[in-house]
1. Would you mind ranking 147, 359 so that the residue whose beta carbon has the fewest other beta carbons within 10 Å leads the list?
2. Could you check the spin-label model distance between residue 256 and residue 4? Points 7 Å from the Cα along Cα→Cβ, value in nm.
3. Pull up the DSSP beta bridges for the stretch 166-319 and report the antiparallel fraction as a percent, rounded to 5.
4. Quick check: residue separation of residue 45 and residue 94 times 0.36 nm, minus the Cα distance between them. What number comes out in nm?
5. Please compute the Kirkwood hydrodynamic radius of the stretch 313-360 from all pairs of different C-alpha atoms, in Å with one decimal.
6. Taking the Cα-to-Cβ direction at residue 66 and at residue 183 and moving 7 Å from each Cα, how far apart do the two end points lie in nm?
7. Could you compute how fast the stretch 259-336 diffuses translationally, taking Rh as the Kirkwood radius over C-alpha pairs and applying Stokes-Einstein at 20 °C with viscosity 1.002 mPa s? Give it in µm² per second.
8. Take the alpha carbon gyration tensor of the stretch 1-42, find the square roots of its eigenvalues, order them as a ≥ b ≥ c, and report rounded if a/c is under 1.5; if not, report prolate when a/b exceeds b/c, else oblate.
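Each value in this text was obtained by applying a stated rule to the coordinates, not by laboratory testing. Keep in mind it's a predicted model, so treat the numbers as computed, not measured. Don't worry about glycine lacking a Cβ; one is built from the backbone with ideal geometry, like all the others, and counts go over all protein chains shown.
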Ligand SMILES: *Cc1c(COP(=O)(O)O)cnc(C)c1O
């Protein structure tokens with residue numbers, strides 16, 4: 001009997017229970033081979049088959065065009081903040097960045113160490129409560145790429161549209177990838193830390209158009225050169241094998257859920273009902289412009305922050321875990337990634353209503 005509770009953690013986040021059960025069954029003896037995936041050579045036929053299947057399933061889910069490479073790398077999304085300019089920004093070059101919150105700010109800060117960053121638009125003047133419309137962006141002629149953060153995990157601010165730009169578009173999709181179908185062909189490069197919607201931490205997935213490879217600076221560490229990773233099937237050195245394997249199980253699970261169309265239906269329903277509950281209450285509120293609200297990360301505040309502690313304590317008592325908002329914004333945040341079932345959202349809404357009745 002498992003005693004699994006509802007987990008609203010922003011990351012590392014909930015994983016689907018059937019996937020964990022499968023990993024548990026495989027743990028000591030993977031498919032009768034007499035050893036665990038963690039104990040296999042990454043060059044063994046067994047592991048290579050696990051790795052290739054994972055890549056193919058991800059390609060199927062996102063219908064990734066054949067002229068894109070899929071890389072399974074380390075260092076998290078944060079390492080990409082440096083790896084992108086090291087590979088794509090010439091020493092004297094310039095890149096456009098869109099500032100919509102804490103994660104895009106980190107990407108901007110890091111890229112600034114490697115070249116000129118033009119902040120082409122910022123949500124700052126709107127307190128990061130709305131996405132700046134593309135008509136107001138000041139894109140520069142000289143930019144070699146345009147970087148943005150489709151979903152700001154901490155602020156709960158999300159693009160409902162894909163920017164239309166002439167330069168390669170680069171997106172930090174850490175907390176939104178696989179939440180619904182995506183037109184990969186609109187992007188030059190997509191990256192996502194695994195621990196939100198892909199799998200366990202220790203892995204970052206990069207989907208990159210082949211044309212963009214081979215431009216790394218001479219000073220770029222070998223380990224950070226995308227073309228080296230691509231040439232070596234993401235096995236220039238030992239990759240995070242267990243994280244790769246577990247992500248592969250998630251991709252299989254996603255296919256069983258009806259792929260990304262299936263996930264979109266569930267995720268659409270989850271976010272709709274949670275925002276509706278927040279908006280119709282007197283006690284809870286979410287400040288984000290309605291069209292720009294995140295599906296995966298839903299922050300909300302209580303009218304009186306002295307109620308935060310009792311709210312969280314009561315939630316925990318009911319098995320609703322990790323609802324505390326990010327330390328930089330306070331309040332609450334419910335992360336409702338793919339592996340968080342609709343029943344978790346229903347339980348949260350029920351608790352919120354009951355708490356409001358008692359304290360409203
Ligand atoms: C979590 C997150 C990151 C940081 O990911 P790490 O893997 O911890 O480096 C970066 N960007 C976004 C949008 C995130 O949600």
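1. On the way: 147 29, 359 15.
The order, fewest Cβ neighbours first, is 359, 147.
2. Distance between label points: 1.1 nm.
3. Values: 7 of 10 bridges.
The antiparallel fraction comes to roughly 70 percent.
4. Working: separation 49, 0.36 × 49 = 17.64 nm, distance 4.33 nm.
Extra length available between residue 45 and residue 94 comes to 13.3 nm.
5. For the stretch 313-360, the Kirkwood estimate is 11.6 Å.
6. So the two model labels end up 2.2 nm from each other.
7. Estimated via Stokes-Einstein, D reaches 160 µm²/s.
8. oblate
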